[in-house]
Amino acid sequence: MSITVYVPRDSAALAVGADHVARRITEEAAARGCDTRLVRNGSRGLFWLEPLVEVATPDGRIAYGPVTPGDVASLFDADFLSGAAHALHLGPTEQITYLKHQERLTCARMGLTDPLSLADYQAHEGYAGLQRALALEPGAIVQQVLDAGLRGRGGAAFPTGIKWKTVLAMPAARKYVVCNADEGDSGTFSDRMTMEGDPFMLIEGMTIAALAVGATQGYVYVRSEYPHAIATLTEAIHLAEAAGFLGDDILGSGRRLRLEVRKGAGSYVCGEETAMLDSLEGKRGIVRAKPPLPAIRGLFGQPSVINNVVTFASVPLILARGAAFYRDYGMGRSTGTLPLQLAGNIRRGGLVEKAFGVTLRELLYDYGGGSASGRPIKAVQVGGPLGAYVPESQWDVPLDYEAYAAIGASIGHGGIVVHDDTADMVRLARYAMEFCVIESCGKCTPCRIGSVRGVEIVDRIKAAADGTAGIDLPQQVQLLRDLCDTMVNGSLCAMGGMTPYPVLSALNHFPQDFGLSANVPEAARTNTRS
């Protein structure tokens with residue numbers, strides 16, 4: 001009887017040699033006459049253990065890792081095909097502590113299935129949500145999403161059901177459903193992992209959205225830096241069409257959805273939905289003024305549902321198990337779970353899906369294991385390059401949209417980037433302004449000019465802190481605060497509006513790095529105007 005061996009095809013695993021490991025396993029099995037079946041699954045998200053090799057045994061899947069090509073012969077010598085002991089033996093995969101205590105709803109299949117096997121997908125509750133959606137009226141589908149309390153996982157956290165309800169109510173000859181997969185935030189990879197590790201889940205979620213609002217054409221806008229995601233998703237779409245899950249007659253229902261992948265051109269600002277729409281239309285990606293909202297006048301001027309990958313990927317489970325099941329996870333208005341991504345100076349980086357309410361301290365130490373350098377953690381940037389730097393005094397605040405807004409921070413797309421006590425917060429503040437200079441679309445003055453002035457001011461503050469004479473440090477700090485106030489309240493989109501978050505959080509929580517007294521007034525300890 002053939003023994004199944006799993007080796008991930010995820011980009012993170014490929015980067016550390018998963019293809020070479022897979023090839024060596026195949027060669028070694030052939031040389032030894034072992035009857036094996038190699039499956040290239042998605043990643044479990046335990047990146048410090050990649051390549052993570054799993055073997056199917058009568059007692060479940062047994063994990064080994066991180067495996068190098070040079071380890072393969074010794075694994076066979078130890079009879080790893082039966083789950084035997086070895087220096088790289090990790091035990092039953094599901095019992096690994098990092099995985100065991102997660103609440104994997106959206107990411108439940110990641111690493112478990114062959115990403116391009118429809119049979120695998122359906123065997124693990126795939127397309128159960130679409131089957132139920134086909135039996136409901138469009139308004140009832142929208143109501144399920146509303147009742148679940150699902151909010152956009154791309155960063156804005158806008159209620160998904162309200163957006164869908166708006167598009168449903170709009171009379172139009174044609175409507176669109178668009179997935180923004182331009183995952184450009186530093187330290188984020190959940191969208192990529194979904195597209196590479198469970199693409200049918202995204203396809204199913206978009207199909208349900210199309211049924212809910214009456215859309216017949218869909219696009220997935222993927223950043224050009226994700227070639228493996230683009231290839232996997234494109235093949236998955238072809239497989240879904242061939243099986244009747246997409247096309248002109250979805251599962252014999254008479255309902256239609258055509259889905260296409262579009263590759264982005266490398267602009268960070270195209271993560272903003274209206275800039276993405278311009279790019280999809282073949283224009284330069286520039287932020288549009290709102291109103292009108294894309295739900296009313298979106299792609300090609302037609303009503304459009306726009307959500308990110310994880311938002312769409314959360315929908316099938318809501319339809320399959322009901323709104324109440326999903327709503328029971330989380331806290332307050334932050335219902336369900338969020339795939340959080342640990343990166344930066346962290347010992348155990350990877351993906352952790354938890355219900356809202358988990359704290360940063362739990363993630364940093366219970367999952368991340370502290371800093372990779374072994375030094376004390378100083379600051380944690382939550383929510384991408386425009387996210388605030390969270391100091392240790394706030395690590396016990398529950399990860400909840402409202403709780404983080406109350407401290408002047410944002411959960412964003414769930415990216416968490418860790419810095420130890422060697423981090424220079426002035427340099428990081430300058431980087432935020434410089435990033436905005438480089439990535440601004442240039443349409444509005446506060447973002448286009450404000451970021452340039454911000455770099456100059458931070459440079460003067462740094463010079464003053466280093467002892468350069470003739471610079472009035474308090475004056476420059478106040479000027480930086482005033483500039484940030486203008487950017488927050490005057491920018492057209494979050495590019496300029498959120499750039500002050502990392503700058504002000506660094507200034508407020510780490511004043512010593514700026515040459516200021518540690519006794520910062522309490523009123524100044526926010527990331528908005530002081």
(request) Starting from segment 198-219, take each residue that is at positive phi and list its partners that are open to solvent by less than 10 Å² (accessible area, probe 1.4 Å), counting only C-beta distances under 7 angstrom and pairs at least six apart or across chains. (result) none
(message) For segment 17-44, give me each residue that is within 17 Å of GLY70 (Cα to Cα) and surrounded by fewer than 19 Cβ atoms within 10 Å (Cβ to Cβ).
(response) GLY17, ASP19, HIS20, ARG23, THR26, GLU27, GLU28, ALA30, ALA31, ARG32
(request) May I ask you to list pairs of residues, at least six apart or on different chains, whose Cβ atoms are under 7 Å apart, with the first in segment 120-142 being of a type outside the set (D, E, K, R) and the second being surrounded by fewer than 15 Cβ atoms within 10 Å (Cβ to Cβ)? (result) LEU134/SER253
(request) Go through (1) assigned to a loop (DSSP other than H, G, I, E, B); (2) more than 30 Å from ALA119 (Cβ to Cβ) and name the single condition ARG153 misses. (result) (2)
(message) Just to confirm my filter: which helices (runs of 4 or more DSSP H) fall fully inside segment 244-334 and include at least 1 residues that are among the basic types (Lys, Arg)?
(response) 309-321, 323-327
(message) For PHE189, only one of the following conditions fails: (1) surrounded by fewer than 24 Cβ atoms within 10 Å (Cβ to Cβ); (2) under 19 Å from GLY152 (Cα atoms). What is its number?
(response) (1)
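Matching residues to (1) of a type in the set (Phe, Trp, Tyr); (2) touching a His at 6+ places or on another chain (Cβ under 9 Å); (3) closer than 29 Å to GLU125 by Cβ:
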residue: GLY42; (1), (2), (3): no, no, yes
residue: GLY45; (1), (2), (3): no, no, yes
residue: LEU49; (1), (2), (3): no, no, yes
residue: GLY65; (1), (2), (3): no, no, yes
residue: SER82; (1), (2), (3): no, no, no
residue: HIS86; (1), (2), (3): no, no, no
residue: PRO92; (1), (2), (3): no, no, yes
residue: TYR98; (1), (2), (3): yes, no, yes
residue: LEU105; (1), (2), (3): no, no, yes
(request) Kindly check whether there is at least one residue in segment 164-183 that is open to solvent by 10 Å² or more (accessible area, probe 1.4 Å), more than 19 Å from LEU299 (Cβ to Cβ) and either touching a strand residue (DSSP E or B) at 6+ places or on another chain (Cβ under 7 Å) or not hydrophobic (A, V, I, L, M, F, W, C) (or both). (result) no
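Matching residues to (1) out of contact with any Phe, Trp or Tyr (no Cβ under 6 Å at 6 or more places or on another chain); (2) in a helix (DSSP H, G or I):
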residue: LEU99; (1), (2): yes, yes
residue: ASP120; (1), (2): yes, yes
residue: GLU125; (1), (2): yes, no
residue: VAL142; (1), (2): no, yes
residue: LEU168; (1), (2): yes, yes
(request) Residues being open to solvent by 60 Å² or more (accessible area, probe 1.4 Å) and small (Gly, Ala, Ser): count how many of those fall in segment 83-97. (result) 2
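The values are calculated or read from the model by the stated rules, or taken from the named source; none is laboratory data. Note that the structure is a prediction, hence the values are computed from the model and not measured. When we count neighbours, we look across all protein chains shown, and the Cβ atoms used for this are built from the backbone with ideal geometry, even at glycine. Accessible surface areas use protein heavy atoms only, side chains included; no ligands, DNA or RNA. Shrake-Rupley method; radii C 1.70, N 1.55, O 1.52, S 1.80 Å.
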